[in-house]
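Beneath this line is the structure, given in structure tokens, with notes to follow.
The values are calculated or read from the model by the stated rules, or taken from the named source; none is laboratory data. Because the structure is a prediction, the values reported are computed rather than measured. Note: ideal-geometry Cβ built from the backbone for every residue, glycine included; neighbour counts use all protein chains shown. Quick note on the areas: whole protein, heavy atoms, side chains included, nothing else; ligands and nucleic acids left out. Shrake-Rupley method; radii C 1.70, N 1.55, O 1.52, S 1.80 Å.
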Amino acid sequence: MASSATPYGFRPINLIGGQPFSGSTRQIKIASAYDTNIFTGSVVSIVAAGTIEIVTTIGSNASQFPAGTIGVFVGCSYTDPGSNQKTFKQYWPADTAASDAVGYVVDDPNALYQVQADATMAQATLGANAPLAAVQSTSTGSTTTGNSTTALDATVATTTGIAFRVVDFVDGPESAVGDDYTDVIVKFNASAGGHSYTNPVGI
């Protein structure tokens, strides 16, 4: 039972229709010296410069995701400025000077993600829309594990413009519908404030 708040960001698990997730990612540049940590499980966006940055809105009607929201960050590589060695990390360390930095992003708009809510979610929330529980930042994750600590807002709505759709619940020995901090399965919504590939607005 998920009785404590232990958010872990967004974990890709499979695709809509039960198709398996093959682990495929797209490599997208990170600007040298970008000044914000990006953790595995963080939602990221392509910005005007053609690089990725962490999304700093919550994906609600009042605080929609940017049009370039492209998916979920799952690691990066770059040439370490200290050792001059190619480095692979679970998270992007803020302010790293590396001209060859790339992030690995799960960019399939049909991907499903497991995420923990910030409170209980009942069966009646299935099919509803939900934003992030809080704004992502340089501190919404662990520099020890490299993992995000982002959670989903348990307060749902039916209106458009909200980033995620609840499509299922995690049902197992340690998780069930209605837990204090329910683990749910979500996908990006195909609307403004959702995923860039299904949003007709350009960057």
Within segment 115-136, of all residues that are open to solvent by 40 Å² or more (accessible area, probe 1.4 Å) and of a type outside the set (A, V, I, L, M), the one farthest from the chain's Cα centre (by Cα) is GLN123
Across (1) open to solvent by 60 Å² or more (accessible area, probe 1.4 Å); (2) under 25 Å from THR25 (Cα atoms); (3) out of contact with any Leu (no Cβ under 9 Å at 6 or more places or on another chain), THR155 clears everything bar (2)
What do you reckon, is ALA119 part of a helix (DSSP H, G or I) and of a type in the set (Gly, Ala, Ser)?
no
If you go through SER32, SER63, SER45, the only one that is over 22 Å from THR145 (Cβ atoms) and part of a strand (DSSP E or B) is SER45
When restricted to VAL177, VAL184, the only residue modelled with pLDDT under 95, buried (at least 18 other Cβ atoms within 10 Å of the Cβ), within 23 Å of GLY17 (Cβ to Cβ) and not acidic (Asp, Glu) is VAL177
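So which of THR69, THR87, THR96, THR79 is over 19 Å from THR145 (Cα atoms), modelled with pLDDT of 95 or more and surrounded by fewer than 22 Cβ atoms within 10 Å (Cβ to Cβ)? Steps first, answer last, please.
Working: THR69 fails: surrounded by fewer than 22 Cβ atoms within 10 Å (Cβ to Cβ); THR87 fails: over 19 Å from THR145 (Cα atoms); THR96 fails: over 19 Å from THR145 (Cα atoms).
Exactly one of THR69, THR87, THR96, THR79 is over 19 Å from THR145 (Cα atoms), modelled with pLDDT of 95 or more and surrounded by fewer than 22 Cβ atoms within 10 Å (Cβ to Cβ), namely THR79.
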If we keep only residues of segment 5-29 that are in contact with a Phe, Trp or Tyr (Cβ under 6 Å, 6 or more places away or on another chain) and assigned to a loop (DSSP other than H, G, I, E, B), then the residue least open to solvent (accessible area, probe 1.4 Å) is PHE10
